[in-house]
Amino acid sequence: MAQNSPPQPALSWTVVGQGAIGLLAASRFKLAGWPVQLWLRQPAPVDICFNQQPLHFACATAPITAVLIPVKSYAVPAAVQALLPALAADAQLVLSHNGMAATEHILPLLSPAQGLWFLTTTHGALKQGATVHHTGQGQSVLAPLNPAAKNQLLAVQQAMDIALGPVTLTDNILPFLWHKLAINAVINPLTALNNCSNGELAKEQYQPQISQILTEVCQVAAAAGYPLQYAQILEKVQQVIQSTAANFSSMQQDIAHRRRTEIDAINGYIVTQAALYNIDVPYNIELTQQVLQLQHRA
Ligand code: KPL
């Protein structure tokens, strides 16, 4: 084999849906020369433009051996149910969404040889019509969630490195999910409510709110057993605001396109966790209510 040849796929990948992150991942697979297909509720081939290049994606066909499922947290159970009949006996499934991983409903659906994973990412992607932009270089953390996933560590990590890398592998995704939750708890509702890009949040006027949200998130995270250092997480939020400055967050996009948001899984999650530990989180309550109002507007 040539010494510097790019890694070749050990698994053939399918991506579920045509959201911005999913199409970013599918495009990066394709540009790396990996075969990739899309699984849509209503099967149809998809043509997009990514990095000024036209890309064509065919519909996925059974058996599906490896699948990235970057759909909203509330849509995961239905997406997995729909995929089940098409999955290979030893398929690998990678979930990726904002909020906490609610895998207790998914694991029992799989057979012992089917692997379940979770990937959390800070990449920014934006879909405008049929054009997909990679609006923020990020990184991802990937965790195997069952023994069948651990048998395929190398193949799945290598693939996710291509799709949404650089990827760090971990055995315990929860601290990373709290970390990402803190980032989303700031950027997503503030960009949705102010109808602005992520980069706008670097302005002075947003700093008091950012600090109030993060103070509450840090209190709740500590009570839940996943302490976050306030200064460190504030720096990380500022880094993501910078690196995804041109991006419009997924929540801003959901509101703009009149779709359901992930507010329940982000600030709403902070609110329900806070209640368990008797912690006051007035800013997160306020943001949750405001986003819900906007989401349910006529
Ligand atoms: O996760 C994101 C989102 O928009 O949901 C960030 C990292 C904030 C990028 O926009």
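Here are a few things to note about the model shown:
- Among the residues listed as 228, 214, 287, the single one being within 25 Å of residue 101 (Cβ to Cβ), of a type in the set (A, V, I, L, M) and not in a helix (DSSP H, G or I): 228
- Across the stretch 29-64, the qualifying residues are those that are touching a residue at least 60 places away in the same chain (Cβ under 8 Å) and part of a loop (DSSP other than H, G, I, E, B), and the one among them that is nearest to residue 126 (Cα to Cα) is 51.
- Some residue of the stretch 248-271 being modelled with pLDDT of 95 or more, among the polar types (S, T, N, Q) and either more than 23 Å from residue 137 (Cβ to Cβ) or in contact with an Asp or Glu (Cβ under 6 Å, 6 or more places away or on another chain) (or both): yes
- Inspection of the stretch 205-220 identifies at least one residue that is within 15 Å of the ligand (Cβ to nearest atom) and more than 26 Å from residue 276 (Cβ to Cβ).
- Answer from 235, 200 - the residue that is within 14 Å of the ligand (Cβ to nearest atom) and either of a type in the set (Asp, Glu) or surrounded by fewer than 21 Cβ atoms within 10 Å (Cβ to Cβ) (or both): 200
- When residue 247 is tested against (1) of a type outside the set (Phe, Trp, Tyr); (2) crowded, with 17+ Cβ neighbours inside 10 Å; (3) in a helix (DSSP H, G or I), exactly one condition is not met: (3).
The values are calculated or read from the model by the stated rules, or taken from the named source; none is laboratory data. Since this is a predicted model, take the numbers as computed values, not measurements. No Cβ is skipped: glycine too gets one built from the backbone with ideal geometry, and neighbour counts run over all protein chains shown.
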